[in-house]
Amino acid sequence: MAADPVKLQKTKDIGIPSIAMCVARTPNSGRLIFGSSDFKLHEIDVFAENPQPTSFGGEGHQSYVTGVVLAGPNIAISGSYDGQLIWWDVEKREPTRKVKAHDLWIRRLGISPDSKVIASVADDMQCKLWNAETGEMLRQFSDHKPMTPHNFPSMLHAVAFSSNGKFIATGDKVGHVAIWEATSGSKVGTVEAPGLYTWDPRQRRHSIGGIRALAFSPDNNLLAVGGIGQIGNIDHLDAPARIEIFDWQKGERKHELNNDKFKALVEDLVFDPSGQWLLSSGGAGDGFVTFTNLETGKPIHQDKLPMHVHQLVLNETNDMLFAVGHHKIAICEFKADPSPAAPAEPAKS
Amino acid sequence: MTLSRRGFLNGAALGTACTFASDMTRLDLLRQSSWADEVKKQGKRVILLWLAGGASQLETFDPKPGRPTGGPYRAIPTSATGVHISELLPKMAARIQQTTAIVRSLNTKNADHGGGATIMETGRIKDPGIEYPDLGAICAKELGRLDSAVPDYVSMYTSTEGRRKGTSGFLGSRYAPMFLSESMQPENIRRLESVSDLDHQDRLALRDLLAKKFTQNRHSDSLGSHTQAYQRVRGLMASEKLFDIEQESAEMRAKYGPTQFGQQCLIARRLVEAGVPFVKVARAWWDSHGENFETHRELCADLDHSMSVLLDDLKDRGLLEHTLVLTFGEFGRTPGINASLGRDHFAAAWSATLSGCGVRGGACYGKTDEDGHKVADGEVGAGDLFATILSALGVDPRKEYMVGARPIPLSDFGAKPIKDVLI
């Protein structure tokens, strides 16, 4: 049964000294492993009475850790702006393998539903698939141009596996999404979301935005794309959080939503396993969550979070949400009285 | 110093013209120290790459990798031993020892766009009682030739609202910039087709006659300055081709690349090669309150490529030793990273660079603390930077302009050149 978004309530937030860029959760627990701006992985049990993060040790990353996945009960894999993938023994909190995976900054990792394959995307505009157990590179592919139409370096921010593990989507700065067959590396589709890329040709003469989040629906037919809408003053994240939902096999855009409450960047997208809603989250100065009805494309519920969210995970029963971001971790539960709280003010950049 | 015949003649022409100059600079010129100083300055040029909006020192010339304020980018070694800069500037890293000095200890105290820009344009804080000339106007006056057929001061600022037009202040409109804001080509300098060349000359002669009558028995600095500006009209009109990069080979245009900033750097080289003493190329807009790292990924790529090609091109043409290339804007950016992964305005500890003429390549002056919050060693202000710039050009920064009875030094009172970055 789907959780009722209007019951969402923040139950705890925990201050952390660094910016948490990514998160994975040990199943059936409150143990989160998050990658951070201090170049480290940390583990924290958010259910503990006085939760404190514990750093992973050893020779780790040399830059922001932007992706982390769990590939088994004791294996975490992280990716970083340093271009490296690192395999970790979670219990010992020590690295077990390092792979120089990309020539430029790794932006995100994805993991197949069976936890056997890792996908990494980076600013070399490559998506690379890795054997999660052996660290062997399986294949690489790209449909993303290294330069924007305005002659600046492009960026490859987002990657997602489909729920059945057959497909992978990759999304870049200018709003181009490619969908790939995971086993062959063949491109099986593309969609375009140029509304997520703002180029200011006159006042600022640079760009902002891009596709920051991707997610397939549970039936694998829909692909959600998230970022920020067209920005007038690109000094700030000063535009509505924006999501577009595609029937990607038909190449049709089903919904596009410019958030009327939050001027912010969508950093993460999660589909409700029952297929009723799509959760988007991110932020500017503050953070937000928005639940969008997949039938109507309209928001069901929106709320503010205490920090710019970089990634979130739901629990197995889909009634608890763990979000990490700017110097905080927030835990929310779907348990409030159904009458929603007063609408949150839009986030300010 | 070797004096060429041309240099001597240029100096002589300058001296003759100066002697009869009718603006407020007359008194000042009589105070100039020697012919040798004048001749020495001939051929010195400046290109200011103005990083409008405030570039982050941490993502450019003063990285703090691994610190909480450091951001995600690595520091990379440069060709100067022990000097590291951001990995976003790999081409410049290879050129530091040969061309560029870094000043990492600017504290200019004003982190407001307008106020910061005024300080960095004029080298001093605003004085309500006097309008100071900006660096371009000072260089136009100190380095330009009164008989020059090209503009003395060209300012390209084609992006961003509230463009800074620059000011010649008390030096008068003779030293005001030719300001390009709408395109890379100057507008309104072409003779109208409806006016023949002969008619145009006649009009100038008539204006000259009327002006002479009008100024008879009138002694006014601004009148003199306006007259000089008009006297140069035909030269300015003839300079149009300097702004046309199609005059360059396809290979050269390709080197500078397709961005507007790259193309403006090519124009800047064409201008200094033709004798324009001061060219400002404003590259907007670095004001990255949100997404600082993505913004700098884009803008640093543009700066790194364009500046490197410009320095190489100047060097290949034998111009670099006479041309000072500067980078700075109105301020730097906060070490602290805000919730939008942006950096905000910050003037307490930031960086500038000087390349080429008079500069000790590979020098790295000053130091900020480990997180970049404040200057730890060698603090300098805008006045000191200006004194350094003028010294690099062979101009005495202590030289004074007389504004009425008030002596105004070229660089701010008490400012001292940073000797460590000068040859």
Legend entry - Qualifying positions in the range A:192-214 - under 30 Å from A:Ser163 (Cβ atoms) and either among the polar types (S, T, N, Q) or open to solvent by 10 Å² or more (accessible area, probe 1.4 Å) (or both): A:Glu192, A:Pro194, A:Gly195, A:Tyr197, A:Arg212, A:Leu214
Inset, instruction - Can you give me the number of residues within the range B:367-376 that are part of a loop (DSSP other than H, G, I, E, B) and open to solvent by less than 20 Å² (accessible area, probe 1.4 Å)? - result: 1
Inset, instruction - Can you run down the residue pairs with Cβ atoms below 6 Å, 6 or more apart or on separate chains, where the first is in the range B:42-70 and farther than 9 Å from B:Gly329 by Cα and open to solvent by 10 Å² or more (accessible area, probe 1.4 Å) and the partner is of a type in the set (Phe, Trp, Tyr) and not in a loop (DSSP other than H, G, I, E, B)? - result: none
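Scanning the range A:131-153 for residues that are over 11 Å from A:Ala182 (Cα atoms) and part of a strand (DSSP E or B), which turns out nearest to the other protein chains (Cβ to nearest Cβ)? Before you say what the answer is, go through the steps one by one.
Narrowing the range A:131-153 to residues over 11 Å from A:Ala182 (Cα atoms): A:131-137, A:142-153.
From what is left, the residues that are part of a strand (DSSP E or B) are A:131, A:137, A:147, A:153.
Details: A:Asn131: 27, A:Met137: 23, A:Met147: 9, A:Pro153: 5 Å.
Across the range A:131-153, the extreme among qualifying residues is A:Pro153.
Considering only the range A:288-301, how many residues are within 14 Å of A:Arg242 (Cβ to Cβ), in a strand (DSSP E or B) and more than 14 Å from every other protein chain (Cβ to nearest Cβ)? Let's see the steps before the verdict.
The first filter runs over the range A:288-301 and keeps only residues within 14 Å of A:Arg242 (Cβ to Cβ), leaving A:288, A:290, A:292, A:297, A:299.
Of the ones still in play, those that are also in a strand (DSSP E or B) are A:288, A:290, A:292, A:299.
Within this subset, residues satisfying the condition of being more than 14 Å from every other protein chain (Cβ to nearest Cβ) are A:290, A:292, A:299.
The qualifying residues number 3.
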Legend entry - Selection count where residues are surrounded by fewer than 24 Cβ atoms within 10 Å (Cβ to Cβ) and closer than 30 Å to A:Lys328 by Cβ, scope the range B:348-366: 1
Inset, instruction - Say whether the condition of being small (Gly, Ala, Ser), touching a Gly at 6+ places or on another chain (Cβ under 7 Å) and within 16 Å of A:Thr170 (Cβ to Cβ) is met by at least one residue in the range A:223-241. - result: yes
Legend entry - In the range B:142-195, residue farthest from the other protein chains (Cβ to nearest Cβ) [restricted to those that are part of a loop (DSSP other than H, G, I, E, B) and of a type in the set (A, V, I, L, M, F, W, C)]: B:Leu146
Inset, instruction - May I ask you to verify whether B:Arg333 is of a type in the set (Lys, Arg), open to solvent by less than 20 Å² (accessible area, probe 1.4 Å), within 14 Å of chain A (Cβ to nearest Cβ) and touching a residue at least 40 places away in the same chain (Cβ under 8 Å)? - result: yes
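Please go through the range B:299-308 and pick out each residue that is at the interface with chain A (Cβ under 9 Å from one of its Cβ atoms) and either surrounded by fewer than 23 Cβ atoms within 10 Å (Cβ to Cβ) or among the polar types (S, T, N, Q) (or both). Give the derivation first.
Kept after step one, since they are at the interface with chain A (Cβ under 9 Å from one of its Cβ atoms), are these residues of the range B:299-308: B:299, B:301-302.
Correct list: B:Ala301, B:Asp302.
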Inset, instruction - Looking for whichever is more than 24 Å from A:Ile106 (Cβ to Cβ) and either away from every other protein chain (no Cβ under 11 Å) or among the acidic types (Asp, Glu) (or both) here; the options are A:Leu156, A:Leu196, A:Leu222. Which one fits? - result: A:Leu222
Legend entry - Failed criterion for A:Phe39 (all others in (1) in contact with a His (Cβ under 8 Å, 6 or more places away or on another chain); (2) surrounded by 23 or more Cβ atoms within 10 Å (Cβ to Cβ) hold): (2)
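State which residue is nearest to the other protein chains (Cβ to nearest Cβ) when the search covers only the range A:276-287 and only residues that are open to solvent by less than 10 Å² (accessible area, probe 1.4 Å) and either closer than 19 Å to A:Gly325 by Cα or touching a Lys or Arg at 6+ places or on another chain (Cβ under 9 Å) (or both). Spell out how you get there, then give the answer.
Residues of the range A:276-287 that are open to solvent by less than 10 Å² (accessible area, probe 1.4 Å), as a first pass: A:277-284, A:287.
Within this subset, residues satisfying the condition of being either closer than 19 Å to A:Gly325 by Cα or touching a Lys or Arg at 6+ places or on another chain (Cβ under 9 Å) (or both) are A:279-284, A:287.
Details: A:Leu279: 20, A:Ser280: 17, A:Ser281: 14, A:Gly282: 10, A:Gly283: 7, A:Ala284: 5, A:Gly287: 8 Å.
Looking at the filtered set, the residue picked out is A:Ala284.
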Inset, instruction - Specify the residue that is most open to solvent (accessible area, probe 1.4 Å); the eligible residues are those in the range B:84-119 that are in a loop (DSSP other than H, G, I, E, B) and within 19 Å of B:Leu385 (Cβ to Cβ). - result: B:Lys109
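Scanning for something part of a loop (DSSP other than H, G, I, E, B), more than 30 Å from A:Ser163 (Cα to Cα), open to solvent by 10 Å² or more (accessible area, probe 1.4 Å) and within 14 Å of chain B (Cβ to nearest Cβ), does the range A:234-243 turn up at least one residue? I'd like the intermediate steps shown before the answer.
First, pick out the residues of the range A:234-243 that are part of a loop (DSSP other than H, G, I, E, B): A:234-239.
Subset that is more than 30 Å from A:Ser163 (Cα to Cα): A:234-239.
From what is left, the residues that are open to solvent by 10 Å² or more (accessible area, probe 1.4 Å) are A:236, A:238.
With within 14 Å of chain B (Cβ to nearest Cβ) added as a condition, the list becomes A:236, A:238.
Yes, the range A:234-243 contains a residue that is part of a loop (DSSP other than H, G, I, E, B), more than 30 Å from A:Ser163 (Cα to Cα), open to solvent by 10 Å² or more (accessible area, probe 1.4 Å) and within 14 Å of chain B (Cβ to nearest Cβ).
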Inset, instruction - Go through the residues of the range B:354-372 one by one and say whether even a single one is of a type in the set (Asp, Glu) and closer than 24 Å to B:Ile125 by Cα. - result: no
Legend entry - Members of the range A:91-116 that are open to solvent by less than 70 Å² (accessible area, probe 1.4 Å), under 28 Å from A:Asp172 (Cα atoms) and either without any contact (Cβ under 8 Å) to a residue 60 or more places away in the chain or not in a strand (DSSP E or B) (or both): A:Val99, A:Ala101, A:His102, A:Leu104, A:Trp105, A:Ile106, A:Arg107, A:Gly110, A:Ile111, A:Ser112, A:Ser115
Inset, instruction - With respect to A:Val188, determine if the residue is surrounded by 23 or more Cβ atoms within 10 Å (Cβ to Cβ) and more than 14 Å from chain B (Cβ to nearest Cβ). - result: no
Inset, instruction - Go through (1) in a helix (DSSP H, G or I); (2) touching a helix residue (DSSP H, G or I) at 6+ places or on another chain (Cβ under 8 Å); (3) within 14 Å of another protein chain (Cβ to nearest Cβ) one by one and return the number of the condition B:Val281 breaks. - result: (1)
Legend entry - Meets criteria (among the aliphatic types (A, V, I, L, M), closer than 24 Å to B:Lys64 by Cα and surrounded by fewer than 24 Cβ atoms within 10 Å (Cβ to Cβ)) for B:Leu326: yes
Legend entry - Those residues of the range B:336-357 which are closer than 24 Å to B:Thr323 by Cα and of a type in the set (A, V, I, L, M), in sequence order: B:Ala352, B:Leu354
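For the range A:2-16, state whether one or more residues are of a type outside the set (D, E, K, R) and touching a Gly at 6+ places or on another chain (Cβ under 9 Å). Step through it out loud before you land on a result.
Step one: of the range A:2-16, the residues of a type outside the set (D, E, K, R) are A:2-3, A:5-6, A:8-9, A:11, A:14-16.
The next check asks that each one be touching a Gly at 6+ places or on another chain (Cβ under 9 Å); those that pass are A:2.
Yes, the range A:2-16 has at least one match.
The values are calculated or read from the model by the stated rules, or taken from the named source; none is laboratory data. Please read all numbers here as calculations on a predicted model, not as lab measurements. Virtual Cβ from ideal backbone geometry, glycine too; neighbours counted across all protein chains shown. What goes into the accessible areas is simple: the full protein's heavy atoms, side chains included, and nothing from ligands, DNA or RNA. Shrake-Rupley method; radii C 1.70, N 1.55, O 1.52, S 1.80 Å.
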